[in-house]
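Peer 1: First, the structure itself, so that you have it in front of you.
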Amino acid sequence: MTTTALDLTADVVIVGGGPAGTWAALTAAAAGADVLLLDKGYCGTSGPTASGGTGVWYVQPEPAAREKAMASREALGGHLQDRRWMARVLDQTYENMNRLEAEARYPFPVVDGVAHKRGLQGPEYMRRMRSWIKRAGVRILDHSPVTELLVDPAGTVAGVRGHRRQHNTDYRVRASAVVLATGGCAFLSKALGCDVATGDGALYAAEAGAAMSGMEFSNSYAIAPAFTSVTKTAYYGFATFFHGDGTPLAGAGSQGGRSVIAKELLRTGTVLCQIDHATPEQQALMRSGQPNFFLTFDRLGINPFTDKFPVTLLLEGTVRGTGGIQIVDDDCATSVPGLYAAGDAATRELICGGFTGGGSHNSAWAMSSGTWAGGGAARFAAALGSSAVKRRLTGAGGVAVRPTGGRAFDGDPWAEAQDVLRRQVHPYDKNYLRHGDRLRPALTELDELWQRLRAGASADPAGTPRLRQAAAMVAHARWMYTSALARTESRGMARRQEFPDLDPAQHRRLTVGGLDELWVRPESLLASRPELAVAS
Ligand SMILES: Cc1cc2nc3c(=O)[nH]c(=O)nc-3n(C[C@H](O)[C@H](O)[C@H](O)COP(=O)(O)OP(=O)(O)OC[C@H]3O[C@@H](n4cnc5c(N)ncnc54)[C@H](O)[C@@H]3O)c2cc1C
C-alpha cells in the first residue's frame, strides 16, 4: 500500500547524483539556489564513476598541450566535434580538478612533488562530492527515482514527480528549473556500475519536447572477463587475444579489434585473453590503479598476466557512446524552457564527435556540463522569482503512467521489454556489426513493442519506476536504430557493413526525436574540412 505523497519545493531540482549531478548541485547552490538532488540509488555510490577508477581529460593550460589534446581524437570521432566546446571543457575541467584538491581535499597521488590529476578513484571522488554538496546546503533524497517531469501550461518544466522506494511513498517537487543528470543508457547489460543507467532522463526530456543528438553513436561495447561485469578496458592495451584453442586471434589487439572479437564470439562463443605485455612494474601500477579489476581474478586463482581467461563484450550504449539530449546553449539548456541536461544524459558529440569509448572525455564532460547546467538552472530560477510557485502543474509522462488505453498489455511488460532488448539490441550482429537488413526488422519489433507499452503498460506506484526504465530503454533503442539507418556511411562508432566508407557529404550531426512517431534530421553540414573528412 502506498502512503501519502510528499510535497516539496526547491528552486533547482537535480535528477541524478553522479559526477554531473553533484557538480550541478554544487554550482546551483553556490549561486544561491535552494537545491534538491534526487537519486534512484544512493548519491555517492550509484553509477559507473562511483564503481571504479576514472581517467580525466585534465590538460595543462598550455597552447601546445591543449592543441594536441583536442586534435588527438578528432579523426576517431569523425570530425563532428566543436573546438570551442572542447576548449571550454578543458578549461572547466582544469578548474574543477584543482578545486577538488583545494576545496574537497581530494588526495591526488604526488610524484616528485607534483600532484597527478589525470585520474580519480571513483568511490573516493563520489564520497567527497556527496559531503561537499551537503556542506553547500544541498538536500539529498536517495532511493527516490524520478518518474516524470511536471510542466506548466506553457510547457515550461516546473518540477518532477517520483517514488521513494524505502517509504513506498510517491513525491512531488515544485521547482523553478530541473537538471537531468541521470547518466546514459546501457540497456541493463550488466556492465560495471550501469544497473542504474537506463536512460530515464532522455525519456523524460523527450516527453517534454526535447530532441536527441548523436544517437547513432550509442553502441559502445566493452571487453570484460566472461565471469565478471568489470568493463574496465584500459589494460587490454597490454593484452593478446586467442581463439578457444589457444592460437592467437589475428587483429584482435589492434584498433578496431573489438569487431574481430565480436565476430569470433558470434562464430564460436569463445575468445581468450592474456595481459602478457605488461612489465612487472606496470603490473604493480595496474594493481594499485584499478584494484577491483583484479578482485575476481584473485578469488578464482587466475593470474591474468600469465593465464589465459575467457572474455566477452558488454553493451555500454550511451555510457561510453556519445548520444544524448540535445543542448542548445552554453548553459546546457535543452530546447524546453526550465530544463537542463548534463553528463552522459546529454549529448557528448560536441567534444567527442562520434566516438568516446572511455578515456577521460566523459568524466571531463560530466563535471563541466554539470557545472554549467547547475549555474544555468540557478539563473533561470532566479529570473522566474516567486511566480514559479503559482504555476499549475501537469505530468508530462506518457508510457506506463498515462496509458492511452485500448488493449491491456498481454503478459508482464517488464519481462517482455527485457526479452526484446536482449534479442534486438544486445546482440553484436544487430547493434555492433550493423547492417540495414538487420537494423530494419529490429526497429520494427521495437516500434511495435513501444505501441503496446504506450497503450497498455501500467503498474502500481512501486512498480512505476521499473516500467519507466523499460520505456526509456526501448525509446533509446528506437532513436539509436533510426539514426543508425539515416547515417548511410561509417563514421565514429556508427559503422555500417554495407557502407564501410566515410562519406564527406554526411559530415554533419543527426538530430532524432519523437516517441510514438520518430523523426530524424541532419543538422546543417559542418564547416567543410576535406583534408580531415577522409581520415577516419
Ligand atoms: C566501466 C566504466 C569505466 C569508465 N571509465 C571511464 C574513464 O576512465 N574515463 C571517463 O572519462 N569515463 C569513463 N566512463 C564513463 C563515466 O563513468 C561516465 O561518463 C560518468 O559516470 C557519467 O557521469 P553522470 O553523472 O553523467 O552519470 P552517472 O555516473 O551514470 O550517474 C547518474 C546518476 O543518476 C541516477 N539516476 C538515474 N536515473 C534516475 C532517475 N530516474 N531518478 C533519479 N536518479 C536517477 C543514478 O542512480 C546515478 O547516480 C566509464 C564508464 C564505465 C561503465
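Peer 1: For the range 72-84, state whether one or more residues are near the ligand (Cβ under 10 Å from one of its atoms) and either modelled with pLDDT under 95 or not in a loop (DSSP other than H, G, I, E, B) (or both). Break it down into steps so the answer makes sense when it comes.
Peer 2: Of the range 72-84, the ones near the ligand (Cβ under 10 Å from one of its atoms) are none.
Within the range 72-84 (the criterion being near the ligand (Cβ under 10 Å from one of its atoms) and either modelled with pLDDT under 95 or not in a loop (DSSP other than H, G, I, E, B) (or both)), the answer is no, since none of the residues qualifies.
Peer 1: Mind checking whether some residue in the range 36-48 is within 13 Å of the ligand (Cβ to nearest atom), in contact (Cβ under 8 Å) with a residue 24 or more places away in the chain, farther than 30 Å from T228 by Cα and not in a helix (DSSP H, G or I)?
Peer 2: yes
Peer 1: Could you run through the range 30-71 and say how many residues are within 28 Å of R379 (Cα to Cα) and modelled with pLDDT under 95?
Peer 2: Residues flagged as within 28 Å of R379 (Cα to Cα) and modelled with pLDDT under 95 within the range 30-71 amount to 0.
Yes/no per residue for (1) crowded, with 22+ Cβ neighbours inside 10 Å; (2) within 16 Å of the ligand (Cβ to nearest atom); (3) at pLDDT 95 or above:
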{"site": "R423", "(1), (2), (3)": "no, no, yes"}
{"site": "R438", "(1), (2), (3)": "no, no, yes"}
{"site": "L443", "(1), (2), (3)": "no, no, yes"}
{"site": "L449", "(1), (2), (3)": "yes, no, yes"}
{"site": "A457", "(1), (2), (3)": "yes, no, no"}
{"site": "A462", "(1), (2), (3)": "no, yes, no"}
{"site": "Q469", "(1), (2), (3)": "yes, yes, yes"}
{"site": "H476", "(1), (2), (3)": "yes, yes, yes"}
{"site": "Y481", "(1), (2), (3)": "yes, no, yes"}
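Peer 1: Determine the pairs where a residue that is open to solvent by less than 70 Å² (accessible area, probe 1.4 Å), located within the range 99-126, has a partner that is of a type in the set (D, E, K, R) and away from the ligand (no atom under 16 Å from the Cβ) with Cβ atoms under 6 Å apart, the partner being 6 or more residues away or on another chain.
Peer 2: Matching pairs, first to second residue: F108/E101.
Peer 1: Which condition breaks for A210 when tested against (1) more than 8 Å from the ligand (Cβ to nearest atom); (2) assigned to a strand (DSSP E or B); (3) not assigned by TED's automatic domain parsing to the domain that holds F305?
Peer 2: (2)
Peer 1: Among the numbered criteria (1) in contact (Cβ under 8 Å) with a residue 24 or more places away in the chain; (2) in a helix (DSSP H, G or I); (3) more than 14 Å from the ligand (Cβ to nearest atom), which single criterion is violated by G354?
Peer 2: (2)
Peer 1: Follow-up. Quickly run through the range 419-444 and pick out the residues that are in contact with a strand residue (DSSP E or B) (Cβ under 6 Å, 6 or more places away or on another chain) and either of a type in the set (F, W, Y) or without any contact (Cβ under 8 Å) to a residue 24 or more places away in the chain (or both).
Peer 2: The one that is in contact with a strand residue (DSSP E or B) (Cβ under 6 Å, 6 or more places away or on another chain) and either of a type in the set (F, W, Y) or without any contact (Cβ under 8 Å) to a residue 24 or more places away in the chain (or both): Y432.
Peer 1: A further question follows. Just give me the residues in the range 245-280 being assigned to a helix (DSSP H, G or I) and of a type in the set (D, E), in sequence order.
Peer 2: The answer is E264, and nothing else.
Peer 1: Restricting attention to the range 159-197, which residues are small (G, A, S), under 19 Å from A377 (Cβ atoms) and within 11 Å of the ligand (Cβ to nearest atom)? Don't jump to the end; show me each part of the working.
Peer 2: Restricting attention to the range 159-197, the residues satisfying the condition of being small (G, A, S) are 159, 162, 175-177, 181, 183-184, 186, 189, 191, 193, 197.
With under 19 Å from A377 (Cβ atoms) added as a condition, the list becomes 159, 162, 175-177, 181, 183.
Within the range 159-197, G162, A181, G183 qualify.
Peer 1: Which of the residues that make up the range 7-35 are in contact with a helix residue (DSSP H, G or I) (Cβ under 6 Å, 6 or more places away or on another chain) and either among the hydroxyl-bearing types (S, T, Y) or more than 13 Å from the ligand (Cβ to nearest atom) (or both)?
Peer 2: Once the filter is applied, which keeps residues that are in contact with a helix residue (DSSP H, G or I) (Cβ under 6 Å, 6 or more places away or on another chain) and either among the hydroxyl-bearing types (S, T, Y) or more than 13 Å from the ligand (Cβ to nearest atom) (or both), the range 7-35 yields D11, V12, T22, T27, A28, A31, A33, V35.
Peer 1: Of the residues G155, G137, only one is farther than 25 Å from A206 by Cβ, modelled with pLDDT of 95 or more, part of a loop (DSSP other than H, G, I, E, B) and not assigned by TED's automatic domain parsing to the domain that holds P291; which?
Peer 2: G137
The values are calculated or read from the model by the stated rules, or taken from the named source; none is laboratory data. All figures in this text were calculated on a predicted structure; none of them were measured in a lab. Positions of Cβ are generated from backbone atoms using ideal geometry, with glycine treated the same way; all protein chains shown enter the neighbour counts. We work out accessible area using only protein heavy atoms, side chains counted, and drop any ligands, DNA or RNA first. Shrake-Rupley method; radii C 1.70, N 1.55, O 1.52, S 1.80 Å.
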